[in-house]
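The values are calculated or read from the model by the stated rules, or taken from the named source; none is laboratory data. Remember, predicted model here, so these are calculated numbers, not experimental data. No Cβ is skipped: glycine too gets one built from the backbone with ideal geometry, and neighbour counts run over all protein chains shown. SASA here: full protein model, heavy atoms, side chains in, ligands and nucleic acids out. Shrake-Rupley method; radii C 1.70, N 1.55, O 1.52, S 1.80 Å.
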Amino acid sequence: MSPTDWHTLSPSEAASRLQVDPARGLTASEAAERLGKYGPNQLAEEKKRGLVAAFIDQFRDPMVLILLGASLLALILREYLDGGAILAIVVLNAVLGLVQEFKADQALEALKELTAPHCKVRRDGRVVEIDTRELVPGDVVLLEAGDPVPADLRLTRSVMLQIDESLLTGESVPVHKEAGRTLEAGAPLAERVNMAFMSTAVTYGHAEGVVVGTGMETEVGRIAGKLQEEPQEATPLQKRLSQFSRQLGGAMLVIVVLLGALGLWRGMPWLEVLMVAVSLAVATIPEGLPAVTTIVLALGMQRMARRNAVIRRLSAVETLGSATYICSDKTGTLTQNRMTVTRLWLPEGWAEPDKTYTLRSRPGQLLAAGALCSDATLAEEGGEFRSIGDPTETALVIGAAKAGLDKRQLERDFPRVAEVPFSSDRKRMTTFHALDAAGEGYTGIVKGGPDVVLARCTRIRLESGTAELTPELRGAVEEANREMAEEGIRVLAVAFTPPAVDLPGDLASLERDLELIGLIGMTDPARPESADAVRRAHEAGIRTMMITGDHSTTALAIAKQVGIADEDSRVLSGPELEEMDDAELDRAVRTVPVYARVSPEHKLRIVESLRRQGQVVAMTGDGVNDAPALKRADIGVAMGVVGTGVARGAADMVLMDDNFATIVAAIEEGRTIYANIQKATFFLLSANVGELLIMTVAMLAGWPVPLQPIHLLWINLITDSLPAIALGVEPAEQGTMRRRPRDPKEPVLTRHLLTLMGTQAVFLTAVVLLALFAGMRAAPAAGVPAAALGSTYAFATLSLAQLWWAHGCRSTIRPSWRLGFFRNRVAWVATIVGLVLLVAVMTVPGLQPFFKVQPLSLQGWLTVLGLSLIPALLMEPLKALMGRGRE
Ligand code: ATP
């Protein structure tokens, strides 16, 4: 049959064509076989660039092209050594670039795997969660609010299902779906209400459906053809750095041209001038900067992932570093989301939760009603009750089970016939149950926030029977609610709807004139690490906010426990917030730390208000309606465990452990990564400025050329790039979390760094030129040309000085000995590799002519070593002196 006609079949016809029993699903072996036949459920990806193409890309850089031109020229002029050496360096540079790119790519791919979407399917009669890519035609998929639809489905069951199909059809209002309907052939896509399509998302209700098409055989596959992967845009920092290096490059180029002209005027051979100019240009233009940034960001992301914060957008890493606000949910993020029923309130008074009750007792009725009105399921494992589902509901189901009321039995006695699902907006849920086996008459159970439920109650159930909910009784309920909420306990009210003979189409219309049964109180202890994390955030100048759907009093109690609120703190509730205009809200968000009974739109308004005031906001969210707020926040943070797929898709960062403390850890990493990129930049540029200054002074003074082209290239490649990457993995510096958040507009190179850079360049120039003269003086005794030995000395001194200076750059405000000298192992690896290579170049006879160096005597080595140490040693106390007050 044509792949588009599934909507004309009934659910059972569709299932039988796909050879599956919707109640059991496929077996594992059937699924495996079909996977082999139909292939994985994914849209074809854009073809990846091949290795050769990636290698060729490395030569697109104008600097590399200049170098290639220079080496070609040298070869034509039969300067084989120079030409060959430059060529070798260019190729080596390309290979290194390739390796870096590959590593960064790999890191990003690995992170993507961590947040690869999953879906719930029924296989072998059990519900299991699988990677969406393993889905095959015939699989039975379970959907609930917040789930992205993982493939094209013929719905087999639906409960008030609504799906947002805007990505597929452009329709912005969620579409109401009904599994029960069968449609005419030729119905347009937007009207196929018994189908669910890949790339759309469930916004409300729940459903089941059989997969009718996967991967490219889906509607979106046919339309899009290719996976429109969001390109990883360059981060603001990367953009700023490449712009910066272009500007700097331009400036350096001008200087280099001037130097070249000077050389020619001095009568230097033009080829030599050209070579020096070209290599100086290449050595001083910081073309490696963007590459180093990328690799540092990618490595940083891996480190964050190890701390349970998975970054989905590269730029979030640096934004995290300047976050000024963390707006967090309460349940599960600041608390453990391990709810337990600890209080039961009935009009007659409090009841013990952990006792055995029958259905005839009042506490028994309350617990049973709570369990019946929930979607969590009960299981027993080794004599212990376990429950799967939403933590609030699992608490109810286990609470009832402990009292001897097994939800499985309750459901057999009072089968559920209909429901109005829970949503954060409604803050309540209702289920309808058949009153007797004959199915005559129904009663509904409502559970939800006490304020919401109580507002709909007119009656109350007493020992003696139903009574009117008098103002006194209402007062007693509110008093009990307040008492629990003040202890940070979450309270749910449970009530009956009036009995109904028939169920109307609009079930929610029955949620009124309710009869209150009682209140159930659940504790959800704060996570032990929350208070400490909040304190660390405050020390770091970051303000914290709690934004929760829970009751104001409960919210405030927990906020006080974790330190977000203090004795004088105010709570703003969703309804109050609704009354405010933007200006009032702007004023409120500056002082109010706790927001209760908020809906997702309120979250959006809070983010917008903070951003209007120039704050950098990290905001958490888990529900499908949180997506807009997550997108609007500077850093949208989704929950990896309880979060919906839609929220994860909208987020910049996913918390694999749903933990507030992880956000603070990620901010610390973000700050460290930024600082490290700054250090690497500082190091690279101070080397470049040094080299330029050395050459300029020598040229102006008419001294021999201190550094040969090959020297400059070698230094650029080995003693600059390697340590720069090592600086990128420097551990967090002390006090990282005791500083105020960085102003996002602050330049990468602050005045402090520029001063240090200039000073270091002067020191470097002085010792390298001293080395040049020392070498020239030692030349007659060694019987070699003065200029040749002089430049060997200069080269060795500069190489070594760079290796030492890299260690100095590990902090720009503290002397290195206060950092723990060996804490950055990679820096030592870079130093040792650099040293070994330098010694090889200087001592292996075959390499010496290639690198234009003369053998050094012991005294020569000692001179070079001594001189090279001077700049780094002088800089140490200077750094501390100039960095005072910045710690
Ligand atoms: P947070 O926003 O911090 O995660 P939350 O979990 O309290 O907080 P929601 O899940 O939106 O936020 O719940 C809002 C309110 O709805 C709760 O305070 C509770 O009164 C009520 N509620 C929560 N879960 C259910 C449920 N399964 N059935 C009925 N009512 C519920």
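Screening the candidates Ala485, Ala500 for the property of being more than 16 Å from the ligand (Cβ to nearest atom) and among the small types (Gly, Ala, Ser) yields one hit, Ala500. If you go through the range 419-434 and keep only what is open to solvent by 10 Å² or more (accessible area, probe 1.4 Å) and in contact with a helix residue (DSSP H, G or I) (Cβ under 6 Å, 6 or more places away or on another chain), you end up with Lys427, Arg428.
Could you tell me whether Ser599 is more than 19 Å from the chain's Cα centre (by Cα), open to solvent by 10 Å² or more (accessible area, probe 1.4 Å) and of a type in the set (Gly, Ala, Ser)? Against the criterion (more than 19 Å from the chain's Cα centre (by Cα), open to solvent by 10 Å² or more (accessible area, probe 1.4 Å) and of a type in the set (Gly, Ala, Ser)), Ser599 qualifies. Residues that are over 15 Å from Pro117 (Cβ atoms) and among the aliphatic types (A, V, I, L, M) within the range 154-186 comprise Leu155, Val159, Met160, Leu161, Ile163, Leu168, Val173, Val175, Ala179, Leu183, Ala185, listed in sequence order. Candidates are the residues of the range 604-638 that are polar (S, T, N, Q) and over 18 Å from the mean Cα position of the chain (by Cα); the one that is least open to solvent (accessible area, probe 1.4 Å) is Ser609.
Note on the range 443-460: residues that are surrounded by fewer than 20 Cβ atoms within 10 Å (Cβ to Cβ) and either away from the ligand (no atom under 16 Å from the Cβ) or not small (Gly, Ala, Ser) (or both) total 6. The set of residues from the range 566-578 being away from the ligand (no atom under 15 Å from the Cβ), closer than 25 Å to Met484 by Cα and touching a residue at least 12 places away in the same chain (Cβ under 8 Å) comprises Ser569, Arg570. Within the bounds of the range 469-486, is there any residue that is crowded, with 17+ Cβ neighbours inside 10 Å and more than 46 Å from the chain's Cα centre (by Cα)? Yes, because at least one residue in the range 469-486 is crowded, with 17+ Cβ neighbours inside 10 Å and more than 46 Å from the chain's Cα centre (by Cα).
Taking the range 758-776 as the range and being within 14 Å of Leu878 (Cα to Cα) and either open to solvent by 10 Å² or more (accessible area, probe 1.4 Å) or in contact with a strand residue (DSSP E or B) (Cβ under 7 Å, 6 or more places away or on another chain) (or both) as the test, the residues that pass are Gly758, Thr759, Val762, Phe763. Across the range 240-255, the qualifying residues are those that are open to solvent by 10 Å² or more (accessible area, probe 1.4 Å) and in contact (Cβ under 8 Å) with a residue 60 or more places away in the chain, and the one among them that is farthest from Pro744 (Cα to Cα) is Ile255. The number of residues in the range 545-565 being assigned to a strand (DSSP E or B) and either surrounded by 24 or more Cβ atoms within 10 Å (Cβ to Cβ) or more than 14 Å from the ligand (Cβ to nearest atom) (or both) comes to 2. For Gln232, state whether it is at pLDDT below 80, open to solvent by 20 Å² or more (accessible area, probe 1.4 Å) and out of contact with any helix residue (DSSP H, G or I) (no Cβ under 9 Å at 6 or more places or on another chain). Criteria not met by Gln232. For first residues located in the range 418-437 and not assigned by TED's automatic domain parsing to the domain that holds His551 and within 8 Å of the ligand (Cβ to nearest atom), partners that are of a type in the set (Asp, Glu) and open to solvent by less than 30 Å² (accessible area, probe 1.4 Å) and lie 6+ apart or on another chain with Cβ distances below 7 Å do not occur.
Counted as qualifying within the range 87-168 are the strands (runs of 3 or more DSSP E) with 1 or more residues that are among the basic types (Lys, Arg), namely 118-123, 126-131, 152-164. Go over the candidates Leu167, Leu111 one by one and state the one that is open to solvent by 40 Å² or more (accessible area, probe 1.4 Å) and of a type outside the set (D, E, K, R). Criteria check complete, one pass: Leu167. The set of residues in the range 342-365 that are aliphatic (A, V, I, L, M), in a loop (DSSP other than H, G, I, E, B) and free of Cβ contacts under 8 Å to residues at least 40 places away in the same chain is empty. I'd like the full set of residues that are among the β-branched types (Val, Ile, Thr) and at pLDDT below 95, limited to the range 498-539. Passing the criteria: Val501, Thr523. Suppose we filter Leu454, Leu372, Leu366, Leu344 for residues that are assigned by TED's automatic domain parsing to the domain that holds Ala485 and within 21 Å of Leu142 (Cβ to Cβ); which single one remains? Sole residue among the options that is assigned by TED's automatic domain parsing to the domain that holds Ala485 and within 21 Å of Leu142 (Cβ to Cβ): Leu372.
The residues on offer are Ala395, Ala309, Ala368, and the sole one that is more than 15 Å from the ligand (Cβ to nearest atom), small (Gly, Ala, Ser) and under 23 Å from Gly146 (Cβ atoms) is Ala309. Looking at the range 526-543 only, could you name the residues that are open to solvent by 10 Å² or more (accessible area, probe 1.4 Å) and within 15 Å of the ligand (Cβ to nearest atom)? Listed by number, the residues that qualify are Ala526, Arg527. Can Glu217 be described as of a type in the set (D, E, K, R), more than 27 Å from the chain's Cα centre (by Cα), modelled with pLDDT of 85 or more and surrounded by fewer than 19 Cβ atoms within 10 Å (Cβ to Cβ)? Judged against the criteria, Glu217 is a match. Scanning the range 379-392 finds one or more residues that are β-branched (Val, Ile, Thr) and either within 13 Å of the ligand (Cβ to nearest atom) or without any contact (Cβ under 8 Å) to a residue 60 or more places away in the chain (or both). Here Thr324 fulfils each of the conditions (1) over 32 Å from the mean Cα position of the chain (by Cα); (2) open to solvent by 10 Å² or more (accessible area, probe 1.4 Å); (3) hydroxyl-bearing (Ser, Thr, Tyr); (4) not assigned by TED's automatic domain parsing to the domain that holds Gly518 apart from (1).
Scanning the range 503-525 for residues that are surrounded by 15 or more Cβ atoms within 10 Å (Cβ to Cβ) and more than 13 Å from the ligand (Cβ to nearest atom) turns up Leu507, Leu510, Leu514, Glu515, Leu516, Ile517, Gly518, Thr523, Pro525. Residues in the range 848-887 that are without any contact (Cβ under 8 Å) to a residue 60 or more places away in the chain and open to solvent by less than 60 Å² (accessible area, probe 1.4 Å): Gln848, Gly866.
A residue that is within 16 Å of the ligand (Cβ to nearest atom) and either hydroxyl-bearing (Ser, Thr, Tyr) or assigned by TED's automatic domain parsing to the domain that holds Ile542 (or both) cannot be found anywhere in the range 281-296.
Across the range 328-341, a minimum of one residue is classified as open to solvent by 10 Å² or more (accessible area, probe 1.4 Å) and either more than 16 Å from the ligand (Cβ to nearest atom) or part of a strand (DSSP E or B) (or both). Residues that are farther than 27 Å from Pro236 by Cβ number at least 3 in the following helices (runs of 4 or more DSSP H) confined to the range 574-687: 574-579, 582-591, 600-612.
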